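**Q** Mind having a look at this structure? Questions to follow.
The values are calculated or read from the model by the stated rules, or taken from the named source; none is laboratory data. Here the structure is a predicted model, which means the values were calculated and not measured. No Cβ is skipped: glycine too gets one built from the backbone with ideal geometry, and neighbour counts run over all protein chains shown.
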Amino acid sequence: MSNTNKTLAPSTSAEFGIIGLGVMGRNLAYNLADKGIRVVVYDPFPEVRDSFDPSVSAGGPNILAAGSLQEFVQVVKTPRNILIMLKAGEPVTAMIQKLISLLTRGDLIIDGGNSYYKDTERRAVDLEARGLAFAGMGVSGGEKGALEGPAIMLGGSKAAVERILPIMKTISARVGTRPCCEVFGGGGAGHFVKMIHNGIEYAEMQAIAEVYSILRDLMGHEEHQISTIFKQWNEGPLAAYLIEITADILVTQDPDDGMPLVGKVMDVAGQKGTGLWAAQSALELGVPCPSLVEAVVARGLSGLKRERQLAAETLPEPSVEKTSGCSLPMVEKALLTTRLIIFTQGFALLRQAATTYGWPLGLIDAASIWRGGCVIRAALLEDIIKALESDKDIPNLLLAGQFKNMLVTGVPALRAVSSAALMGGVPIPVLGSALSYYDSYRSAHLPANLIQAQRDCFGAHTYERVDKPGTFHSNWQVPASQKKNNPQ
Ligand code: 6PG
């Protein structure tokens, strides 16, 4: 039962405060309390406060539940550490506004939600000008992660993050003895790293869904068979949390009829914005991340359910037989290669952000903490760490010696699987974009010369030449009199 209706004794105090008792907030509270940290909690919604039950946690006696924001603030020991776990956007802004009038100089607000990093930057400047400290904290791992140990990506002023780092390391996941918690720089750095985590998460989920479709629609496997395939893949180099849960999902039955439950799920993917922000940042920072972008586009296309249903009745399907020349080992290699290319894009984006924003954002640190607790944890991260350790300035992970053999066999597999999917009419936005990224990146010559000529032709945008220095403009247009069947 909730104890939120009782007023806390004035003498009670807590080391840490959490506002927001949704899935993540309450499980972080249990996690802190389990580690012996006394925590006071509050939620702006009375029904959420009333549904909160500290006694479900072994650390329950360490949790105090406040019935008002004023009471909550009084209970947190000064200088206060207050973690906000609310929906990104307006709810966070509104809560910070309320807290400003209740807090005193030196208190620290930590935003642990999936906030947009530019909001975090702005809030840090505003709050620091008022004498309050602010940290942006990306938390990954969902309900289980929050309870048992999430990956934690911190950003904020040195004083702010150093104050909470020991506590956050205590509650984070661990790989060996290393806590999956790191500081990535000032202001919005932590939320930026979490946003890229989510961009990778979107791309990885879409790639797995594409492979599911290839195995089902092209190769004729049923859900329970695909589950077994994923289970086996999870024993090898493809091992990853998302592969593990996919294997579980595919054998989950609808209790009504024993059929695969996944087949009853509406094929419209939701999104809360972090994948979109990652794609936007890639475009803004000029870092090519086509697979991160395509994953967001794919969710958008899934949302056109009614239109797709109508189009399915009228637009022709490919006439080729839906049999595939792919083998399971080829599909496995294709997915692993796609994963490598997705991570490559994500790490390139992290590298550019570090330069643009002047963050001491460690790529090895990101790879290391993503090995535990978080949604994108994968065996491949061990190789990524080795690659970065051999050359921390490597401009692109595809150039690392560690991946040479993987690419030698993986890229042909990705080509074969992608070709079969394209010929069979199975959409592969992420697999296809990963392959095109690879082919573009390995090409010393791209057809961008033609784009430059087109720009110069219609807009006198000028161009550079390969055979001499300088900036050029040419008259490209063939006189109308010399053209036959001029479309004008
Ligand atoms: C995590 C996840 C999590 C995210 C969900 C839903 O690392 O635990 O990234 O933070 O909120 O995955 O995201 P979408 O609703 O945008 O798919």
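Yes/no per residue for (1) hydrophobic (A, V, I, L, M, F, W, C); (2) under 23 Å from Leu381 (Cα atoms):
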{"position": "Thr246", "(1), (2)": "no, yes"}
{"position": "Asp256", "(1), (2)": "no, no"}
{"position": "Gly263", "(1), (2)": "no, no"}
{"position": "Val268", "(1), (2)": "yes, no"}
{"position": "Gln271", "(1), (2)": "no, no"}
{"position": "Ala279", "(1), (2)": "yes, yes"}
{"position": "Leu285", "(1), (2)": "yes, no"}
{"position": "Cys289", "(1), (2)": "yes, yes"}
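**Q** Kindly list the number of the only condition in (1) more than 16 Å from the ligand (Cβ to nearest atom); (2) under 20 Å from Leu363 (Cβ atoms); (3) surrounded by 24 or more Cβ atoms within 10 Å (Cβ to Cβ) that fails for Gly176.
**A** The one condition Gly176 does not meet is (3).
**Q** Would you check which residues across segment 124-142 are within 14 Å of the ligand (Cβ to nearest atom) and assigned to a strand (DSSP E or B) and list them?
**A** Of the residues in segment 124-142, the ones within 14 Å of the ligand (Cβ to nearest atom) are 136-142.
Passing the criteria: Gly136, Met137, Gly138, Val139, Ser140.
**Q** A follow-up question, please. From Gln206, Gln232, grab the single residue that is among the polar types (S, T, N, Q), part of a helix (DSSP H, G or I) and in contact with a helix residue (DSSP H, G or I) (Cβ under 8 Å, 6 or more places away or on another chain). Outline the logic, then answer.
**A** Numbers: Gln232 fails: in contact with a helix residue (DSSP H, G or I) (Cβ under 8 Å, 6 or more places away or on another chain).
The conditions single out Gln206.
**Q** While we're looking at this one, here's another question. Scanning for something within 16 Å of the ligand (Cβ to nearest atom), surrounded by fewer than 24 Cβ atoms within 10 Å (Cβ to Cβ) and within 25 Å of Ile364 (Cβ to Cβ), does segment 111-122 turn up at least one residue?
**A** Yes, segment 111-122 contains a residue that is within 16 Å of the ligand (Cβ to nearest atom), surrounded by fewer than 24 Cβ atoms within 10 Å (Cβ to Cβ) and within 25 Å of Ile364 (Cβ to Cβ).
**Q** Restricting to segment 1-49, and then to whatever is over 20 Å from Thr78 (Cα atoms) and of a type in the set (Lys, Arg), can you tell me which residue is modelled with the lowest pLDDT?
**A** Lys6
**Q** Select from segment 430-467 the residues that are hydroxyl-bearing (Ser, Thr, Tyr) and assigned to a loop (DSSP other than H, G, I, E, B) and write down the one among them that is nearest to Thr337 (Cα to Cα). Step through it out loud before you land on a result.
**A** Within segment 430-467, the first condition is being hydroxyl-bearing (Ser, Thr, Tyr), and the residues that meet it are 433, 436-438, 440-441, 443, 462-463.
Imposing the further condition that a residue be assigned to a loop (DSSP other than H, G, I, E, B) reduces the set to 443, 462.
On the way: Ser443: 18, Thr462: 38 Å.
Of everything passing the filter in segment 430-467, Ser443 is nearest to Thr337 (Cα to Cα).
**Q** Also, quick follow-up: With the requirement that a residue be of a type outside the set (S, T, N, Q) and either within 30 Å of Leu86 (Cβ to Cβ) or surrounded by fewer than 18 Cβ atoms within 10 Å (Cβ to Cβ) (or both), what does segment 248-261 give you? First the steps, then the outcome.
**A** So in segment 248-261, the residues of a type outside the set (S, T, N, Q) come out as 248-251, 254-261.
Matches in segment 248-261: Asp248, Ile249, Val251, Asp254, Pro255, Asp256, Asp257, Gly258, Met259, Leu261.
**Q** Sticking with this one: Just one of the numbered conditions (1) buried (at least 19 other Cβ atoms within 10 Å of the Cβ); (2) touching a strand residue (DSSP E or B) at 6+ places or on another chain (Cβ under 9 Å) is not true of Pro360; which one?
**A** (1)
**Q** Only one of Arg377, Arg371, Arg339 is closer than 21 Å to Tyr437 by Cα, touching a residue at least 12 places away in the same chain (Cβ under 8 Å), charged (D, E, K, R) and crowded, with 22+ Cβ neighbours inside 10 Å; which?
**A** So the residue among Arg377, Arg371, Arg339 that is closer than 21 Å to Tyr437 by Cα, touching a residue at least 12 places away in the same chain (Cβ under 8 Å), charged (D, E, K, R) and crowded, with 22+ Cβ neighbours inside 10 Å is Arg339.
**Q** Follow-up question, since we're still on this one. Examine segment 110-124 for a residue that is touching a residue at least 12 places away in the same chain (Cβ under 8 Å) and over 27 Å from the mean Cα position of the chain (by Cα), and state whether such a residue exists. Break it down into steps so the answer makes sense when it comes.
**A** Residues of segment 110-124 touching a residue at least 12 places away in the same chain (Cβ under 8 Å): 110-121, 123-124.
Those left that are additionally over 27 Å from the mean Cα position of the chain (by Cα): none.
No.
**Q** Go over the candidates Pro61, Pro79 one by one and state the one that is more than 29 Å from the chain's Cα centre (by Cα), assigned to a loop (DSSP other than H, G, I, E, B) and more than 16 Å from the ligand (Cβ to nearest atom).
**A** Pro79
**Q** Another question, then. Among the residues of segment 368-382, is any more than 16 Å from the ligand (Cβ to nearest atom), in a loop (DSSP other than H, G, I, E, B) and small (Gly, Ala, Ser)?
**A** So far as segment 368-382 goes, yes, one or more of its residues are more than 16 Å from the ligand (Cβ to nearest atom), in a loop (DSSP other than H, G, I, E, B) and small (Gly, Ala, Ser).
**Q** With the checklist (1) surrounded by fewer than 16 Cβ atoms within 10 Å (Cβ to Cβ); (2) within 16 Å of the ligand (Cβ to nearest atom); (3) within 27 Å of Tyr117 (Cα to Cα) in hand, flag the one item Gly286 doesn't pass.
**A** All conditions pass for Gly286, except number (2).
**Q** Give the residues of segment 82-109 that are part of a helix (DSSP H, G or I), under 26 Å from the mean Cα position of the chain (by Cα) and among the small types (Gly, Ala, Ser), sorted by residue number. Steps first, please.
**A** Filtering segment 82-109 for residues part of a helix (DSSP H, G or I) gives 90-102.
Then keep just the ones that are under 26 Å from the mean Cα position of the chain (by Cα); that gives 90-96.
Hit for segment 82-109 is Ala94, nothing else.
**Q** Within segment 394-418, track down each residue that is surrounded by 16 or more Cβ atoms within 10 Å (Cβ to Cβ), of a type outside the set (Val, Ile, Thr) and closer than 30 Å to Glu317 by Cβ.
**A** The answer is Gly410, Ala413, Leu414, Arg415, Ala416, Ser418.
**Q** Filter segment 187-210 down to the residues that are in contact with an Asp or Glu (Cβ under 9 Å, 6 or more places away or on another chain) and more than 30 Å from Leu132 (Cα to Cα) and list them by number.
**A** Hits for segment 187-210 are Ala203, Gln206.
**Q** Being under 19 Å from Ala209 (Cβ atoms), touching a Lys or Arg at 6+ places or on another chain (Cβ under 7 Å), assigned to a helix (DSSP H, G or I) and away from the ligand (no atom under 16 Å from the Cβ), is that true of even one residue in segment 342-350? Outline the logic, then answer.
**A** Filtering segment 342-350 for residues under 19 Å from Ala209 (Cβ atoms) gives 342-343, 345-346.
Then keep just the ones that are touching a Lys or Arg at 6+ places or on another chain (Cβ under 7 Å); that gives none.
No - not one qualifying residue is present in segment 342-350.
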